Amino acid sequence: MQQTKVSETKGSYFVSGAVDFEDVVFRAIDRVNELLPDSSALAKRADEPLAAVGSKLDSMGIVNLIVAVEEEVIRQCGAQISLADMRGNEANDPLETVGSLIDHLANTLHCT
């Protein structure tokens, strides 16, 4: 694994090295899906609802996803983040869909 360097500036994290944020989220989804019945499994596509209307996740599923993403970010980026603290309003919730979560990570963990 490539060594990464992390620095924090007002809620943004700067990571040296390339990070595939889609891979970070998809690996977290794989971990959560292991805990879910097949009928509740999350699809790995941008428009899959997470904490929005139509989500297959209950509150515990959302917590499991948050933890899985945070752990995957640590593993792949070396940065410790708190997604629960980053939840926005309805118009800007990083946990609305898989795509919004990927975008949020890409905008929060800036590669340099």
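The values are calculated or read from the model by the stated rules, or taken from the named source; none is laboratory data. As the structure is a computational prediction, the values presented were derived from the model and not from experiment. Counting neighbours? That spans all protein chains shown, and the Cβs are built from the backbone with ideal geometry, glycine included.
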Check: What do you reckon, is residue 105 touching a residue at least 12 places away in the same chain (Cβ under 8 Å), buried (at least 20 other Cβ atoms within 10 Å of the Cβ), in a helix (DSSP H, G or I) and under 9 Å from the mean Cα position of the chain (by Cα)?
Finding: yes
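Consider the stretch 1-45. How many of its residues are modelled with pLDDT of 70 or more, part of a loop (DSSP other than H, G, I, E, B) and over 15 Å from residue 69 (Cβ atoms)? Break it down into steps so the answer makes sense when it comes.
Taking the stretch 1-45 as the starting set, the residues that turn out to be modelled with pLDDT of 70 or more are 18-45.
Still in the list and also part of a loop (DSSP other than H, G, I, E, B): 18-20, 34-37, 41-45.
Filter again for over 15 Å from residue 69 (Cβ atoms), leaving 18, 36-37, 41, 43, 45.
Within the stretch 1-45, residues that are modelled with pLDDT of 70 or more, part of a loop (DSSP other than H, G, I, E, B) and over 15 Å from residue 69 (Cβ atoms) number 6.
If I ask for residues that are of a type in the set (A, V, I, L, M, F, W, C), surrounded by 15 or more Cβ atoms within 10 Å (Cβ to Cβ) and assigned to a loop (DSSP other than H, G, I, E, B), which ones from the stretch 53-75 would you list? First the steps, then the outcome.
Quick first cut of the stretch 53-75, residues of a type in the set (A, V, I, L, M, F, W, C) only: 53, 57, 60, 62-63, 65-69, 73-74.
Going one step further and asking which of them are surrounded by 15 or more Cβ atoms within 10 Å (Cβ to Cβ), we end up with 57, 62, 65-69, 73.
Within the stretch 53-75, just 57 meets the criteria.
Against the condition closer than 13 Å to residue 98 by Cα and of a type in the set (Ser, Thr, Tyr), how does residue 39 come out, does it pass?
Working: closer than 13 Å to residue 98 by Cα: no; of a type in the set (Ser, Thr, Tyr): yes.
For residue 39, the condition - closer than 13 Å to residue 98 by Cα and of a type in the set (Ser, Thr, Tyr) - is not met.
For residues in the stretch 76-91 being surrounded by 12 or more Cβ atoms within 10 Å (Cβ to Cβ) and of a type outside the set (A, V, I, L, M, F, W, C), which is modelled with the highest pLDDT?
Of the residues in the stretch 76-91, the ones surrounded by 12 or more Cβ atoms within 10 Å (Cβ to Cβ) are 76-81, 83-84, 86-88.
Those still in the list that are of a type outside the set (A, V, I, L, M, F, W, C) too: 76, 78, 80, 87-88.
Numbers: 76: 86, 78: 81, 80: 83, 87: 61, 88: 57.
Looking at the filtered set, the residue picked out is 76.
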